[in-house]
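The values are calculated or read from the model by the stated rules, or taken from the named source; none is laboratory data. Note that the coordinates shown come from a computational prediction; the quantities given were computed from them, not determined experimentally. Cβ coordinates were reconstructed from backbone atoms using ideal geometry, including for glycine residues, and neighbour counts include every protein chain displayed.
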Amino acid sequence: MTFNVRQALGQLYSDRAFDQNRFAVSLIITPMENANFRSARPSDLRVLRSQMSQGAWYRLSRLLEFSCTKPEWIMLEFQDGALVAALALVAPSEFNLPLEIMRVHGGPEGAIGALPLFQLAIKKAKCLGARELYCTIPEDSADAPIISAARFRQWREVVRFESAGPIDPAVRGYRSAEVNNFKRADIIALIEKTSEDSCDSQIEHYRRSLGAVADAELTLRMMESIRCDPRWWRVAVDADGQTLGIILPVVAFAELTVGFIGVIPQYRGRKIASFLLAEAWSFTKGLGHSTLTAEADQRSVSMHRALTKSQFSRRSQRQEWRLELE
């Protein structure tokens, strides 16, 4: 299981990677009468704060605090001089990849009315050098026809889980070791092995397109680019020193989340995933985060089961959409 990062692996070191100075832009379009669409300026944050709910503003301010977005990555729609909607481009890592579009203010107005704001965000993403753009929406979101009109294609279904702290799974015979105790090549090999026979459609796609070893190596590099503490990253080991699985918690989009977790196929079904989740929480619970989150492909029933057994609660199911940028 991974959260939404593997889609960025193919572009991580491309010559179109993000360069803030090289791709600085100022975009203003006015496709509708009395409407104005533009990138936000720092002064616009005060306007946004005055119109957003407390919860929505807290979420956006956290994304800004963790450098997941920037004021110029926020797209604004004004009608007759009044702010009516805002979208933001967000990314979890220092590479500013993968790039995702998120609605932060206002509601869908129908494909015709809201489409120009999405088109502005797409233009901005292209100027930032992105080759792919993602959008994750609730199952019943009215944004679906809008992003479809913007030529996004549905990518997969993801289920979000949250926990206030996994319980001790009472598993004996295992211990966890810090990832830094192992050679880098061994960790890459472990990620590659634990990704075998995955029910995650995203993992399957990128193992086919990149190759299993290259996928694992770039997955590790991506995880290293996201805010974390190496002590959080744990490898499950048995009494004989055999490595069984691995978990990589990170702080992505300002949330403590399971970046990657995997168990070698022949050891699955032995509560190793539950053991790793409990170990990860024990090393991260002092960070001030009240929850640990995880996302799993809808098809990954075994991961759903492991999360539920570890006292994770299913919170939502969402659609993940993807757009290839020309």
Over the stretch 190-211, the set of residues buried (at least 16 other Cβ atoms within 10 Å of the Cβ), among the small types (G, A, S) and assigned to a helix (DSSP H, G or I) is S201
The residue that is surrounded by the most Cβ atoms within 10 Å (Cβ to Cβ), considering only those in the stretch 42-90 that are under 16 Å from F118 (Cα atoms), of a type in the set (G, A, S) and out of contact with any Phe, Trp or Tyr (no Cβ under 7 Å at 6 or more places or on another chain), is A86
Per the filter on the stretch 240-273, residues of a type in the set (V, I, T) and over 18 Å from E162 (Cβ atoms) are T243, I246, V263, I264, I272
Given the conditions (1) in contact with a strand residue (DSSP E or B) (Cβ under 8 Å, 6 or more places away or on another chain); (2) at pLDDT below 90; (3) of a type in the set (D, E), every one holds for E77 apart from (2)
For the structure I just gave you, tell me whether E279 is acidic (D, E), closer than 30 Å to F152 by Cα and either outside the structural domain of I187 (by TED's automatic domain parsing) or touching a residue at least 24 places away in the same chain (Cβ under 8 Å) (or both). no
Among the residues of the stretch 114-155, the number that are within 12 Å of E320 (Cα to Cα), modelled with pLDDT under 90 and touching a helix residue (DSSP H, G or I) at 6+ places or on another chain (Cβ under 7 Å) is 0
Next on the checklist: Any residue at all in the stretch 284-294 that's within 17 Å of S195 (Cα to Cα) and at pLDDT 90 or above?
Outcome noted: yes
The condition from (1) over 30 Å from L292 (Cβ atoms); (2) surrounded by fewer than 17 Cβ atoms within 10 Å (Cβ to Cβ); (3) in contact (Cβ under 8 Å) with a residue 24 or more places away in the chain that R131 misses is numbered (2)
Assess whether S93 counts as being under 19 Å from the mean Cα position of the chain (by Cα) and either more than 21 Å from R318 (Cβ to Cβ) or crowded, with 16+ Cβ neighbours inside 10 Å (or both). yes
- Message: R231 - would you say it is of a type in the set (D, E, K, R) and either under 23 Å from T291 (Cβ atoms) or assigned to a strand (DSSP E or B) (or both)?
- Response: yes
Here the residues within the stretch 90-108 that are under 15 Å from A254 (Cβ atoms) and free of Cβ contacts under 8 Å to residues at least 60 places away in the same chain are A91, M102, V104
Over the stretch 312-326, the set of residues within 18 Å of I261 (Cβ to Cβ) and crowded, with 17+ Cβ neighbours inside 10 Å is F312
Inside the stretch 68-89, the number of residues satisfying the requirement of being free of Cβ contacts under 8 Å to residues at least 12 places away in the same chain and under 23 Å from A252 (Cα atoms) is 1
R234: passes all of (1) basic (K, R); (2) surrounded by 20 or more Cβ atoms within 10 Å (Cβ to Cβ); (3) under 30 Å from A121 (Cβ atoms) but (3)
Only one of (1) within 20 Å of the chain's Cα centre (by Cα); (2) more than 21 Å from R305 (Cα to Cα); (3) surrounded by 20 or more Cβ atoms within 10 Å (Cβ to Cβ) does not apply to I187, and that is (1)
Selection from the stretch 275-326 of residues assigned to a helix (DSSP H, G or I) and basic (K, R) yields K285, R305, K309
